[in-house]
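Report on the following structure.
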Amino acid sequence: MAKKDKTLETLQAMKKMQERIAKAHQKNERKRGKEKDRER
């Protein structure tokens, strides 16, 4: 049971990390998009 709980916690932590990375990636994409518009 304890092992199962730990796996669940790890999965949730990984999900949180992935969400954070995805959000950061979206921010970077938006920034890059603005820079491209400026170049044009």
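Quick note: the coordinates plus some simple rules give every number you see, no bench work behind them. Quantities reported herein were computed from a predicted structural model and do not represent experimental measurements.
Which value in deg cm²/dmol, rounded to the nearest 500, describes the helix-derived mean residue ellipticity at 222 nm for the chain, given -39,500 (n - 2.57) per DSSP H run of n ≥ 4 and division by the residue count?
Numbers: 1 runs with 38 residues, N = 40.
Taking each H run of at least 4 residues, the total per residue is -35000 deg cm²/dmol.
Quick one: how many lysine pairs in the chain have C-alpha atoms under 16 angstrom apart, if they're 8 or more apart or on different chains? The partial results should precede the final answer.
Details: LYS6/LYS15; LYS6/LYS16; LYS15/LYS23; LYS23/LYS31; LYS27/LYS36.
Counting lysine pairs in the chain gives 5.
Helix 2-39 and the longest principal axis of the C-alpha atoms of the chain enclose an angle of approximately 0°. Debye calculation, C-alpha points only, no solvent: report log10 I(q)/I(0) for the chain at q = 0.29 Å⁻¹, in the same order as the q values. Results for the chain at q = 0.29 Å⁻¹ read -0.85.
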